[in-house]
Amino acid sequence: MIASLSISDFQAHQLSQFEFSPGINTIVGTSDHGKSAVLRSLYWTLWNRPSGLGIIRRGTKSCSVTLVYTAKDKKHTVRRTRSSTVNEYVVDGSPFRAVGRGVPDELPKVIPLREINVQRQFDAPFLIFDTPGVVADTLNRFTGLHLAAKVVDKLGDNVSVIQRRITAWEQDRVQVQQQLTSLEWVTGYEKAVLDWEKVDGACVEVGGDIAALDTLIARMERLHVQRAQVMASLVNKQDWVQRAVAKKDDLLAADDAARVGVPRRLLLSNLTERLVSMTQRWRESRAALKTAIPTAASRRAQLDLALAARDQWKEATTACDAAAVAVRRMQHRISQLRTAEIAASRKQEFLTLAQTDLKKSMAEFSAGLVDCPYCEQALTAKAKKAISTRLLGGAQ
């Protein structure tokens, strides 16, 4: 209860002191002599209204109100001072300056009075003309249920947020599951990778053979060039031999006709032997060339097969490289999907634990609510039951 009130230079009061007794206290006086100012001084001290400097008595520079409040055999003193330079509270000896429009947090703790506890002169009859909602809110404040309502509303908001998160995470999990389902064929891709590794090893082995074939192809090309040169030389020599034989025949005919001397015959004989030897050599070269032509054709066919094998090897190498890139991409995507699935599972576990803790906290709050925070009286069993039912119902 309010034990005493001291007002100094507040509106019409120069210095007024009031001592209150338990029960009903009455302040009697003629109109416009400061009865309502007493109530305004309480408002100003407890809730910092009205604000500004209009409450200071004319001719003075500051005003102050001192309030003594007793609760459970404890006495608390609150002093409020206001001037053009000072705006402070002193709660049980602790100063609080520049409070602004609010009041220090310590004030409601030592004086648990609310605006609902005060009926001013021109206020309507208590709860008579108020709306049902205001009446219900007032009764809740009497019993302390407004705190439970705030807790329930806050818990309802938290539950809604958690449910939205659960829905979003469930959608993410379903999408991840669908993606994993669409990639089930990747599980059989391991065999393709092993086959590709075997093909790659075979390609490495074939690569050595291709290098040898390249060397053989270069050698065959050189042999073809040499063969063309030899054929051209043989054609030239054949023409020369034919001309020489014709010239020999002409010389022999001229020799027989002219019956020239022995030296000329010896010269012609030597020339004839040389022509015979060259003819024999030409015939041997032509025979060797005929023998070499089928061998060259066979080697040319082998060369064509080797070139075709080399082209196939290059195509296989390109396909293997593309398959390797695809495999690495698929493996990276599978790793990402597995990580997302693990994260979704962890989120689901966290939400389950959060819901369990939420229900436990609401039950503990309901069980620990014993006294009304306003009247400091014990709550009835019916009020406790209503609070418990509403809290647990809100959690569900």
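Just so you know, all these numbers are worked out from the coordinates, no wet-lab data involved. Remember, predicted model here, so these are calculated numbers, not experimental data. Positions of Cβ are generated from backbone atoms using ideal geometry, with glycine treated the same way; all protein chains shown enter the neighbour counts.
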Taking the Cβ of each residue in Trp47, Trp196 as the centre, tally the other Cβ atoms inside 10 Å and list the residues starting with the fewest. Trp47, Trp196
Please arrange Ile334, Ile116 by how many other C-beta atoms lie within 10 Å of their C-beta, fewest to most. Ile116, Ile334
Gyration tensor (Cα only) of the stretch 92-162 to equivalent ellipsoid, semi-axes in Å sorted down, yields 27, 24, 11
What does the net charge come to around Ser64 if you take all other residues with beta carbon closer than 9 Å to its beta carbon, with K and R at +1 and D and E at -1? +2
How charged is the neighbourhood of Asn48? Take every other residue with its Cβ under 10 Å from the Cβ of Asn48, and add Lys/Arg as +1 and Asp/Glu as -1. +4
Report the normalised scattering of the stretch 5-47 as log10 I(q)/I(0) at q = 0.17, 0.25 Å⁻¹, calculated by the Debye formula with identical scatterers on the alpha carbons. -0.48, -1.00
Rounded to the nearest 20 debye, dipole of the stretch 2-123 from Cβ charges on Lys, Arg, Asp, Glu: 220
Using amide H atoms built in the peptide plane, which far-off residues or other-chain residues are under 5 Å from Ala3 H to H? Val68, Tyr69, Thr70
Report Rg (one decimal) and Dmax (nearest whole number) for the stretch 2-123, counting Cα atoms only, units Å. 14.0, 41
Of the cross-linked pairs Lys35/Lys61; Lys109/Lys382; Lys75/Lys360, which ones have a Cα-Cα span greater than 30 Å in the structure shown? Lys75/Lys360
